[in-house]
Amino acid sequence: MRARSGGFSLIELMVAVTLALITVIVVMQVLTVYEARRRTTTAANDSEIGASVGLHMIEREVRMAGAGLTLPAGFVCAGGVNIFHGGATISDGQPLAPLSIVDGGAGPDRIRVLRSDSEFGVAPATIVQNMANASSVITVNSSVGLSAGDLALVGGAEGTKTCTLIQMSDAPDALANGWELSHSPVAAAPYNPAAPGAAFSDAPSYEVGDIVVNLGRLGLRAYGVVCNDGGAPAASNTCDLASWDAIAGPANPALAQADSITPQVVNLQAQYGVAPANSQTVNEW
């Protein structure tokens, strides 16, 4: 007699393979759903952390707005600011607030902050010799930490004169009675016009007692949503919360022209509160 062979029949193998395939499909679907949820949760957490970091950075800048630019009587440039850059007049004596919100309408808003980033910004120098004209060197009682390339605001000690934003074309020159600050219209100092009288309606010649505030290299900065193509946030581009030079920089910079603060931000909305006179309670936004 021939011995009977043991094993599985073809039908049993097909059933087992079918069950195994069904199990694999179910497991893969579960893993796919889990991975999608994990990515969503991770992305949401990353976005929340990024948003928190971005808000912290903006909050710090907002708290520093106006640093070095205030006097006992108020803002040093309450009478307006003359700003020139790269051959064009940026501000012809227009008021310039330490902090301002630029309404983006249906798009993201922007925040502009004017402050000094110099440790000497809180201690302005005093002019000790009248200027012969608006292009003359400025003689002050202290160099206030200024160096070639730094920005400075020149204004009245009472905040009533139109201020002028100058850029140091050379390091301060030490004199017997103080320091000379040069603000010549050279290539390395594009903030200085060759003819201030032609660039501004009011080009003051500052006098003894007026002040010079060291802004360092900061000046006026803008904060907002910047995309890699310089356009508005869309599905086809990548956007970050970033900052850029609001004077020398382009009006609508691309990411390569700005300093990124936190990635993957597509909107920024800002609002300010208004309190009644003689009150510290905000009742309107």
Among the candidates Asp240, Asp173, residue that is more than 19 Å from the chain's Cα centre (by Cα), open to solvent by 10 Å² or more (accessible area, probe 1.4 Å), acidic (Asp, Glu) and more than 20 Å from Pro95 (Cβ to Cβ): Asp173
Exclusive hit being closer than 17 Å to Gly104 by Cα, open to solvent by 30 Å² or more (accessible area, probe 1.4 Å), among the polar types (S, T, N, Q) and outside any strand (DSSP E or B), set Gln269, Gln280: Gln269
Selection within the range 216-237 - over 12 Å from the mean Cα position of the chain (by Cα), open to solvent by 30 Å² or more (accessible area, probe 1.4 Å) and within 17 Å of Leu165 (Cβ to Cβ): Arg217
Count of residues meeting criterion [open to solvent by 80 Å² or more (accessible area, probe 1.4 Å) and assigned to a loop (DSSP other than H, G, I, E, B)] in the range 243-266: 3
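Every residue, every condition in (1) in a loop (DSSP other than H, G, I, E, B); (2) in contact with a Leu (Cβ under 9 Å, 6 or more places away or on another chain); (3) among the β-branched types (Val, Ile, Thr), yes or no:
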residue	(1), (2), (3)
Ile166	no, yes, yes
Asp170	yes, yes, no
Ser201	yes, no, no
Gly209	yes, no, no
Tyr223	no, yes, no
Gly273 more than 30 Å from Gly159 (Cα to Cα), free of Cβ contacts under 8 Å to residues at least 24 places away in the same chain and either in contact with a strand residue (DSSP E or B) (Cβ under 6 Å, 6 or more places away or on another chain) or not hydrophobic (A, V, I, L, M, F, W, C) (or both): no
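Can you list the strands (runs of 3 or more DSSP E) lying wholly within the range 73-140 that have 2 or more residues being open to solvent by less than 50 Å² (accessible area, probe 1.4 Å)?
Details: elements: 81-85, 88-94, 99-102, 110-115, 138-140.
Counting at least 2 such residues, we get 81-85, 88-94, 110-115, 138-140.
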Close pairs from the range 257-269: first farther than 18 Å from Ala246 by Cα, partner open to solvent by less than 70 Å² (accessible area, probe 1.4 Å) and charged (D, E, K, R), Cβ under 9 Å, at least 6 apart: Thr262/Asp240; Pro263/Asp240; Gln264/Asp240; Val265/Asp240; Asn267/Asp109; Gln269/Asp109
The range 30-50, residues that are open to solvent by 90 Å² or more (accessible area, probe 1.4 Å) and in contact (Cβ under 8 Å) with a residue 40 or more places away in the chain: Asp46
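The values are calculated or read from the model by the stated rules, or taken from the named source; none is laboratory data. Treat the numbers as computed from the prediction; the structure is a model and nothing was measured. Note that we place each Cβ from the backbone using ideal geometry, even for glycine, and neighbour counts take in every protein chain shown. Ligands, DNA and RNA are excluded from the accessible area calculation, which covers all protein heavy atoms including side chains. Shrake-Rupley method; radii C 1.70, N 1.55, O 1.52, S 1.80 Å.
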